[in-house]
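Novice: Handing you this structure, nothing more for now.
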Amino acid sequence: MSTTQTPPVLAAELAEAWADIQRYHPELPDLAAPESLIGESSSACGHELSFERLLHEAVHGIAAARGVRDTSRAGRYHNRRFLAIAEEMGLDHPEEPHPSSGFSLVTLNPEAKRRYRPTIDRLQRALKAHTAATSADTSRTFRGPAARHGSSGGGVRVKAVCDCGRNVRVVPSVLAQAPIVCGGCGKPFRIPEVMGAA
């Protein structure tokens, strides 16, 4: 029962945290689908779901509102335009870019931690409750689309297999939307348990 109720509760908490960010950054667009962030870390951003990740996503939102191209390489490489907006929003960054993800690994600076402390605490409680409610359910590991940078990607592709042994590389959230059926045996491709339980 709690596993079906928790995602909407967490989505509401994410929307509320997003609204808290909008109070400081009014040009930030509304968060259209908070549930798209639930349950799936973003390889492009290098963060599991947290307030820091939410603020990272807000940087992308402001970049979109300003018409700024803040990433390249199918959304994986975060450039200096991303970095400039991240700094405005209270995120620190490493001195040098990561070779494949650029400046994606930003962290909250002390001022942002103070500013958003109540929001961070509230979201942490919701995340802990969500994790506790869903930790035994490995089929719920991948839920939201990781590819917010366009249809070309942004999510990690993993191996999915069918009963006849064929395999494909697929973003888990794409496979979760509808079955992908093997043309050889007619059975759906699936992510092996060892991968799905990450």
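Rule-based calculations on the coordinates, nothing more; no lab input. Not measured: the values here are computed from a predicted model. Reconstructed Cβ throughout: ideal geometry from the backbone, glycine too, with neighbour counts over all protein chains shown.
Novice: At a Cα cut-off below 16 Å, give the lysines reachable from K187, other chains included and same-chain residues fewer than 8 away excluded.
Specialist: Straight-line reach from K187, under 16 Å: K159.
Novice: Moving on to the next point. How much length would be gained if the chain were fully extended between V161 and K113, taking 0.36 nm per residue of separation minus their Cα-Cα distance, in nm to one decimal?
Specialist: Extending this stretch completely gives an extra 12.9 nm.
Novice: Taking 7 Å along the Cα-to-C-beta vector as the label spot, tell me the E27-K187 distance in nanometres, rounded to one decimal.
Specialist: Inter-label distance under the simple model: 5.4 nm.
Novice: Follow-up question, since we're still on this one. Using mean Cβ contacts within 10 Å as the protection proxy, how do 103-112, 66-75 order, highest first?
Specialist: 103-112, 66-75
Novice: Starting with the fewest neighbours, write out Y24, Y116, Y77 ranked by other beta-carbon atoms found within 10 Å of each beta-carbon.
Specialist: So the ranking, lowest neighbour count to highest, is Y24, Y77, Y116.
Novice: Let me ask something additional. Using 0.36 nm per residue, how much length does the chain from S72 to E96 gain when fully extended, once their Cα-Cα distance is taken away?
Specialist: Full extension of this stretch gives 6.9 nm more.
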